[in-house]
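Worksheet: one structure, shown below.
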Amino acid sequence: MTLLSVLHFPDKRLRIVAKPVNKITSEIKQTTKDMLETMYKEHGIGLAAIQVNIHKRIIVIDVSKEGDQPIVLINPLITTQSGEEESEEGCLSVPETKANIKRSEFVTVQFIDLEGKDKEIQADGLLAICIQHELDHLEGRLFIDYLSKLKQKRIYTRLEKNQRINQNLKE
Ligand code: NI
């Protein structure tokens, strides 16, 4: 397995719309293993392939306390959503940033699993929020896009500066 490096905002590659997976190949399976390993290592509860610069519609999620209930969703699609709830979100691609975001309380998501079978999950609570957050990534959307322009600007300025410092350290 390989640890993948996670892209950080304002990297423009986080804005690319991900393409559907046509076939579950061994390469796709390996990608999901690497994504899960990377997500656990970074203490995340969800990761979209786009965040590791793979522009395919693949997400991995594990909202369990023990980190032993991984879910892999390929070509996920939210088919129903209802209710509304607000909760604090963060993102491995937006370091050291938390914000309250409004999402649907209940969602139904259809996807294909690693065996190529059609699956459906009805989710609420943290899982529902995580699914919506990760599906946004596939469209090139970040949770901070829902904030006011002023807040977005502050985050941009802070993280862009960090990125420049990291870049200089590498050179
Ligand atoms: Ni995220």
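The values are calculated or read from the model by the stated rules, or taken from the named source; none is laboratory data. The structure presented is a predicted model; accordingly, all values stated were derived computationally and were not measured. Cβ sites come from the backbone with ideal geometry, for glycine too, and all protein chains shown count toward neighbours. For the accessible areas, the whole protein counts, side chains as well, though only heavy atoms, and no ligand, DNA or RNA atoms are used. Shrake-Rupley method; radii C 1.70, N 1.55, O 1.52, S 1.80 Å.
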Seminar exercise, completed: Whole-Hz Karplus couplings 3J(HN,Hα) for the range 140-147, θ = phi - 60° and coefficients 6.51, -1.76, 1.60, Gly and Pro as x, run x, 9, 10, 4, 6, 5, 7, 7
For this session: Using amide H atoms built 1.01 Å from N in the peptide plane, name the residues 5+ places from C91, or on other chains, whose amide H lies under 5 Å from its own.
Result: T97
Exercise. How would D68, D62 rank on accessible area, largest to smallest, probe 1.4 Å?
Worked result: D68, D62
Problem set entry | Contour minus Cα-Cα distance for S148 and I16 (0.36 nm per residue) | 45.3 nm
For this session: Lys and Arg at +1, Asp and Glu at -1: add these up for the other residues within a Cβ distance under 12 Å of V63 and post the number.
Result: -4
Seminar exercise, completed: Phi angles of the range 103-114, converted by Karplus (6.51 cos²θ - 1.76 cosθ + 1.60, θ = phi - 60°) into ³J(HN,Hα) in whole Hz with x for Gly and Pro, give 9, 5, 7, 10, 9, 10, 10, 9, 6, 10, 8, 5
Exercise. When ligands, DNA and RNA are left out and all protein chains stay put, how many square angstrom of accessible area per residue does the chain have with a 1.4 Å probe?
Worked result: 58
Exercise. How large is the helix-only mean residue ellipticity at 222 nm for the chain, computed as the sum of -39500 (n - 2.57) over DSSP H runs with n ≥ 4, divided by its residue count, in deg cm²/dmol to the nearest 500?
Worked result: -10000 deg cm²/dmol
Problem set entry | F143 accessible area, 1.4 Å probe, all protein chains in place, Å² to nearest 10 | 0
Exercise. Ignoring any ligand, DNA or RNA, what whole percent of the accessible area of the chain comes from carbon and sulfur when the probe is 1.4 angstrom?
Worked result: 50
For this session: Would you please calculate the Kirkwood hydrodynamic radius of the range 1-129 over all C-alpha pairs and express it in Å, rounded to one decimal?
Result: 15.3
